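Notes for the one structure printed next.
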Amino acid sequence: MATASSPLDVTHEIKLDHDNVRDLFERYEATTDLSEKASIANTLVREMAVHGDAEEVSVYNDYASLGLGDTVAHNKEEHAEIKRLVYDADATRTSKPEFDAVLQKAVTAFLTHAKEEEDEQHPLIRQKLSAEQNDSMARAFLKARKMVPTRPHPWAPQTGGVAQKAAGLQGAFHDKVVETVEGRHFVDLKFQHPSEF
């Protein structure tokens, strides 16, 4: 695991999130235990929500300087749709017969977007960033992951700027309360970000 003294790669950290969603959904589909399914579903919702907002308030803010300005608008449009789908999954009880289909729709949209990032955008990012810029962007992404909401808020600002960060802080607090009151359970992630950065 990387530490604060090891250079980080933003595309690796982003792909790690993508890989966790892939792994979690495979685990979700493989289990028949309803309690385990609910915990995995909670974790999927959390990971997809955190990932999207963290990219928007950190990584996407640097895309224009990399010549990827048009890509930001495209990505944010896809993120807005993914957030709506993840919100639907979060709002649907896992005991409902339609839950599997609702969750699958959200995960499919997330992973389709993830593959596009990995195949088309990440090679350009790695090519255009110096090692120092890459490390700085990765650390900004990891810091953002710790500050953004843990549940989807599709109606919150999606600008990547101060308004989204302010709404995110309020949303993050609200989400912790909801998760505690509802007694939500989560599962461990297979892939881990650095503990220190």
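Where the only charges are on Cβ atoms (+1 Lys, Arg; -1 Asp, Glu), what is the dipole of the stretch 72-124 about its Cα centre, to the nearest 20 debye?
The dipole of the stretch 72-124 has a size of about 340 debye.
Summing Lys, Arg as +1 and Asp, Glu as -1, what charge do residues with Cβ under 15 Å from the Cβ of Gly67 carry, Gly67 excluded?
In short, -1.
With a Förster radius of 25 Å, plug the Cβ-Cβ distance of Arg93 and Asp19 into 1/(1 + (r/R0)^6) and report the FRET value to the nearest 0.05.
Once rounded, the FRET efficiency stands at 0.35.
Sort 122-134, 100-112 for me by packing, meaning the mean count of neighbouring Cβ atoms within 10 Å per residue, highest on top.
Packing proxy ranking, top to bottom: 100-112, 122-134.
Past 26 Å, Cα to Cα, is the threshold; run Lys128/Lys190; Lys37/Lys143; Lys115/Lys146 against it and keep the listed order.
Lys128/Lys190; Lys37/Lys143
How large a share of the accessible area of the stretch 1-118, in percent, is made up of carbon and sulfur atoms when the probe is 1.4 Å and the other protein chains stay in place?
Here it works out to 51 percent.
Can you tell me the accessible area per residue over the stretch 37-113, all protein chains present, probe 1.4 angstrom, in square angstrom?
Result: 40 Å² per residue.
Taking 30 Å as R0, compute the FRET efficiency from the Cβ-Cβ separation of Leu34 and Lys105 and round it to 0.05.
Plugging the Cβ-Cβ distance into 1/(1 + (r/R0)^6) gives 0.90.
log10 I(q)/I(0), Debye, Cα-only the stretch 1-124, no solvent, q = 0.16 Å⁻¹?
Relative scattering, expressed as log10 I(q)/I(0), comes to -0.79.
Using mean Cβ contacts within 10 Å as the protection proxy, how do 80-87, 188-195 order, highest first?
80-87, 188-195
The values are calculated or read from the model by the stated rules, or taken from the named source; none is laboratory data. Computed from a predicted structure; not experimentally measured. Glycine also receives a Cβ, built like all others from the backbone with ideal geometry; neighbour counts cover every protein chain displayed. SASA here: full protein model, heavy atoms, side chains in, ligands and nucleic acids out. Shrake-Rupley method; radii C 1.70, N 1.55, O 1.52, S 1.80 Å.
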